1. So which residues in the stretch A:281-311 are hydroxyl-bearing (Ser, Thr, Tyr), in contact with a helix residue (DSSP H, G or I) (Cβ under 8 Å, 6 or more places away or on another chain) and assigned to a helix (DSSP H, G or I)?
2. Taking the stated definitions as given, is B:TYR227 within 12 Å of chain A (Cβ to nearest Cβ) and in contact with a helix residue (DSSP H, G or I) (Cβ under 8 Å, 6 or more places away or on another chain)?
3. When B:PHE160 is evaluated against the numbered criteria (1) at the interface with chain A (Cβ under 9 Å from one of its Cβ atoms); (2) among the aromatic types (Phe, Trp, Tyr); (3) within 30 Å of B:VAL280 (Cα to Cα), which criterion, by number, is the only one it fails?
4. Among the residues of the stretch B:127-135, are any under 23 Å from B:GLN240 (Cβ atoms) and either loosely packed, with under 15 Cβ neighbours inside 10 Å or touching a helix residue (DSSP H, G or I) at 6+ places or on another chain (Cβ under 8 Å) (or both)?
5. Select from the stretch A:339-368 the residues that are more than 12 Å from chain B (Cβ to nearest Cβ) and β-branched (Val, Ile, Thr) and write down the one among them that is surrounded by the most Cβ atoms within 10 Å (Cβ to Cβ).
6. Taking the residues in the stretch B:250-263 that are in contact with a Leu (Cβ under 9 Å, 6 or more places away or on another chain) and either in a helix (DSSP H, G or I) or not polar (S, T, N, Q) (or both) as candidates, determine which candidate is modelled with the lowest pLDDT.
7. Sort through A:GLY443, A:GLY407 and tell me the only one that's out of contact with any helix residue (DSSP H, G or I) (no Cβ under 7 Å at 6 or more places or on another chain) and more than 13 Å from every other protein chain (Cβ to nearest Cβ).
8. Could you list all residues from the stretch A:71-95 that are surrounded by fewer than 16 Cβ atoms within 10 Å (Cβ to Cβ) and either at pLDDT below 85 or closer than 23 Å to A:GLU121 by Cα (or both)?
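The values are calculated or read from the model by the stated rules, or taken from the named source; none is laboratory data. Since we're looking at a predicted model, the values are computed, not measured. Note that each Cβ is placed from the backbone with ideal geometry, even for glycine, and that neighbours are counted across all protein chains shown.
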Amino acid sequence: MKKKVLSMLLSMTMLAGIMTGCGSAGTQSAADQLEEQGVTEIPVAESTTAAEEATIESAPEAKELDLSQQVDLVFYVMGDAPQDEELVEAALNEKLLEKCNATVDMQFSTWTDFQQKYANEITAQSADLIYIANWLNYGQLASSGAFEELDDMLDTVAPELKAMVGDGSLNMCRVGGKIYAIPNTWPEYVCNGVKYREDLREKYDLPVPDSIENLEAYLKGIKENEPNQGLLTVTTEESQGLKTGFDAAWVLNFKYPWVSTNGLDYGLAANYDSPSDVYDYWYSDDFTEDMKLLKSWADQGFWSKSALSDTNNSDAYKNGLCVAEVAGQNPNKQITAIADFENAGEGWTSEYVAYGEVTNTIYPGHATQNGTAIVRGCKDPERALLVLQTMLCDDEVNSIVQYGIKGTHYDVADGIYKNLQEEAGETPTFPYEGFNTWNLRNGDTKLPQKTDVALQEMFDKYEKLGATTKFPNVNIYDGFSENYEAYSAERSAVSNVMRQYLAPLEAGLVDDVDAAVTEFRDKMKEAGIDKCREEYTKQWKAYCEEYNYQ
Amino acid sequence: MARDLDYEPSAPKTIKKSTGTRIFEAVAYILLILGSVICVLPFIIIVSGSFTDNATILTKGYSLLPRDFTFSAYQTIFKSPKDILQAYKMNFYYTIVGTGLGLMMITLTGYVISRKEFKYRNTVSFLIYFTSIFGGGMIPWYLMYANVLGLKGSTLAIWFPALMSPFLVILMRTFIVGAVPDAITESAKIDGAGHFTIFCRIVLPVLKPGLATVGLFLALGYWNDWYRSSMFSTNSSTWQLQFYLYDLLNATTAMKQMASNVSMKTADLPTESVKLAMAVVATGPVLLFYPFVQRFFVSGITVGAVKG
């Protein structure tokens, strides 16, 4: 009897071992799945309660808000909390109580499972104010009713805010004709481009890599002079979307004036000047041509033969392991590189060419890149909007939120922000934009950091270039969000084919380009690309029409 | 086959081992050595990497013995050890409270549904079992704790949800049914013992192996969990240790990804060697303490077996 019990116990323990093993893996993948579904399975918030609707409908013109009741709001933002969260919150709330009779409790998503938690937060309706961004599916969430409509409230409660943000930006935040979010007012240029080593270019008298030919000449020149120097550390990591499969393919942006970096999804493309005119790229002769070019680069040894399986080493450039970076770069990263090279003290210098400079398609970040929305079910939407207005427009409050307490955390010298703790060699307890409130950047009063001066110079240059385009300084692409519920199976099949067939093609690691291109195209057909393309084009054209990007 | 193996070690030394046995032993030793090397190597690389200069890791890669030996990564961590110590403290708290209360509740439940005089024991068992097959799903689970029970941000949300698991309750019930014959409880009853006395003085003493097994499952589960911190914590001072470390890694990757879309600072992210040193600091104590627990765990089971 005892023996039986023992053996049973043992077998059950073993089973448990297996089960706990599988269990944790299972839950994780389930969570991952949900995360992926985050786009399609947006929790539909309950419809507005009758009371709320009544307040919105009966809102008179520019009314005085009743501030007699104190309101405690929760503001949900991304990322990790700064160490001095409580201290700064106390200072902030002191001001907010005085000005709006309200308090704000900042809550942080952390960077673990943030997409899942963001969706949870909206479903649970526990936050009042929330950070929104296009990469958090703002468009989808807004159209499924996750946020309060702000059109009427902006006039009655926050005219100052409305005037400051301006109709242009607000209109970009419209979903189905309604405003659901307040963007930040600091135009930011994230123009992708190529970062390269100016010191080496000068040393060997090579051309500035501002076109595919010049980049090739630059890389070739360095290879001839310094055969042991690594050239590009390209991998598949910056190319996880539905546009490219391998990072080296980003250089093709020198050639095409596309509406967004790397064109549209599913191998479609549209030019910035005629966004609604969608054309085919993967099945065009240009594509075969480009693949042959990339193969010739691979054959010349511009990147490692194992590039497809390498992991991305984002510090490669900083440590001199490569002489240019072509994927996922932006002005901000260039500024970081300059600082890194200064610290390294090896006499290296970094320069930057944006793809859009060459093709004349420069545009700033989209308004929905960093914004704030009021979650439907908010305790008091009008007060929340008033608080938001105060946090954005009131210089005193805004600087507490963005920089902390003056004298403790930061100080201003010659109009430039400096972190006092960083200067003293300590870990800052409230760094620059310590609450990660990129959505509360006020373009008029934002304090520049030391590095921002150089950044601003780049931005000014881009702003001038952007003004000369057909849609002056308008980011067309990033306001679009695809709804792929109807064809999610085909979509993931297409994505798989991209990883399997497009990546080696773009990495030039195939023997016969023509045969590989044919195979890739056939596999794409099998995966159901036609269905994806048809739906995607329909949605994209509707988007262009809605915002009048013709 | 198994019988031969059992017999072999105690055989007199004069008897020569057969060739088959020798080959078997050689293969077994080689496989075991390979296996342990596979287990130990990554850990050695982590330890050695934590003592290596960060720039060396980036330019030359990892090595078995530290090149450019330095303590700088540990200095960075222990310059402000507050965070990691706090995470340690909270992890001990969750593990002790969770395992203690969990064991109590699981044992009590197991006892109740193992008693034949409890009329609805099958119904109750089924209800418990049922939850292991059909769950409400992630969103309802979250809403239950966050909105209905209002536990978001409290430490209760971190240890409470894992107190009972259907599997462990059923394991415990099965064990009680097997370990405590009806005759014993019946005689105790005749002697005038109530359920409480029976449970404390008769069932618990023979239940040690079961308690050890279930306790270890619970404790490991609590020690290694990070998910509930991720979901419910609103303040980093309540984080579990594993979440503290996991989030550190996630923050690094997320911020690097974000940096291609948004202007933000990425300069003060932890370096490779600091990450490795973190891993050593976090796992080190567990490595020291695990063999002891494991020994207790193993002996717990065998003690139960011999007594029978």
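1. A:THR288
2. yes
3. (1)
4. Looking through the stretch B:127-135, at least one residue is under 23 Å from B:GLN240 (Cβ atoms) and either loosely packed, with under 15 Cβ neighbours inside 10 Å or touching a helix residue (DSSP H, G or I) at 6+ places or on another chain (Cβ under 8 Å) (or both).
5. For the stretch A:339-368, the residue satisfying everything is A:THR361.
6. B:LYS256
7. A:GLY407
8. Once the filter is applied, which keeps residues that are surrounded by fewer than 16 Cβ atoms within 10 Å (Cβ to Cβ) and either at pLDDT below 85 or closer than 23 Å to A:GLU121 by Cα (or both), the stretch A:71-95 yields A:ASP72, A:GLU86.
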